[in-house]
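Beneath this line is the structure, given in structure tokens, with notes to follow.
Please treat every number below as a calculation from the coordinates, not as lab data. Keep in mind that what you see is a predicted model, and the values were worked out from it rather than measured. So basically every Cβ, Gly included, is an ideal-geometry build from the backbone, and we count neighbours across all protein chains shown.
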Amino acid sequence: MLPQELYDEVIDHLVGQVRTLVTCALVCKRWLLRCRYHLYCKVHLQTRRQLGLFYRSLNTDVSLRKIVASVSVHNPVHSSHTRYTGDDHIDLDIVSVLLVSILPNLDALLVTGHGDPSGMLHMGQITLRCATSLHMLSKLILHNLRFATLAALGRFVLGFPSLKVLHCTNVEVASHRHEHLVQAHTSRRLELSELNVSRHPACRKGR
């Protein structure tokens, strides 16, 4: 019998190959733990069905919850030739409640809205409230999102006390009216090691 380290090294070369990792996980118990780590360490969600399956697996085996370190939520782009259905869209409020309630070691969150600026994902009040509970999060990447006000954006970002890396691309504010931040947040400072704010050239057309 080969040493476990050798099996682990072979499985490590399968990162990103989901189907192969799933197949290998069914081979034997010695392969299962390493395969499971790579399947759940970085999770990519694009549909409600994927979110449902992910949530169900975390409830079936609670040990998986500690493995998840990064979650990427990507709402698909729909062209004029593609039919949009509600099942394709992931509600960020639902994801936020999920992350807060059962993922204690979440370190990175990547959220991408629709490619069309007019259909940008809206950051709901539930999302803003839940953000304050994600104390472990150190990396936040936002793309194609819309906040109600500039203060709402400020409250959301300040809600991550351990945040070190912040990337914002095509992040919009619906209203530019003057609004004060909540007092609890005004004295809080983020010690960011990396900040990147940009706007995709394609989103400037027609504005």
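Details
- Taking other C-beta atoms within 10 Å as the exposure proxy, His143, His44 rank His44, His143 from fewest upward.
- Pairwise centroid distance, computed over Cα atoms, of the range 139-167 with the range 1-43, Å: 34
- Note on Ser72, Ser63: ascending count of other Cβ atoms within 10 Å places them as Ser63, Ser72, the fewest first.
- Order of Lys66, Lys164, Lys139 under a 10 Å beta carbon neighbour criterion, fewest first: Lys66, Lys164, Lys139
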